[in-house]
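A short worksheet on the structure shown next.
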Amino acid sequence: MKYAISRSINGISLNGKDFLLTVKGDVMTFDSKAAAISFAAKIATGKDGSNIDPEEFGINICQIDDEKITHC
């Protein structure tokens, strides 16, 4: 199981999702939800840590099973 970071397009949850991408244009994945949250925290606040609520910053941590996004 992998995890990805996304946000709603234009901040509207009815729209699709934008995903954080690698420099090659692939969806960036993380081995754990905690690692994804920690990375998102570093981007959002400039600090390391997993004690943030991703939704506070308008982002989602999505679960990927068998290369399909199953929970977002």
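Side notes on the structure shown:
- Taken as a whole, the structure leaves S13 outside the set of residues that are modelled with pLDDT of 80 or more and either touching a His at 6+ places or on another chain (Cβ under 6 Å) or small (G, A, S) (or both).
- Number of residues in segment 18-49 that are over 16 Å from E67 (Cβ atoms), of a type outside the set (A, V, I, L, M) and either touching a residue at least 60 places away in the same chain (Cβ under 8 Å) or in contact with a helix residue (DSSP H, G or I) (Cβ under 8 Å, 6 or more places away or on another chain) (or both) equals 4.
- Residue within segment 6-13 that is closer than 16 Å to F57 by Cβ, of a type in the set (A, V, I, L, M) and in contact with a Phe, Trp or Tyr (Cβ under 8 Å, 6 or more places away or on another chain) present: no
- From the options I69, I37, I61, residue that is in contact with a Phe, Trp or Tyr (Cβ under 8 Å, 6 or more places away or on another chain), among the β-branched types (V, I, T) and closer than 17 Å to M1 by Cβ: I61
- Residues in segment 22-35 that are more than 13 Å from C72 (Cα to Cα) and surrounded by 12 or more Cβ atoms within 10 Å (Cβ to Cβ): V27, M28, T29, F30, S32, A34, A35.
- Residues located in segment 32-66, provided they are modelled with pLDDT of 80 or more and farther than 20 Å from S8 by Cα: S32, A34, A35, D65, D66
- Odd one out for T45, checked against (1) under 13 Å from the mean Cα position of the chain (by Cα); (2) surrounded by 10 or more Cβ atoms within 10 Å (Cβ to Cβ); (3) β-branched (V, I, T): (1)
The values are calculated or read from the model by the stated rules, or taken from the named source; none is laboratory data. Note that the coordinates shown come from a computational prediction; the quantities given were computed from them, not determined experimentally. Note: ideal-geometry Cβ built from the backbone for every residue, glycine included; neighbour counts use all protein chains shown.
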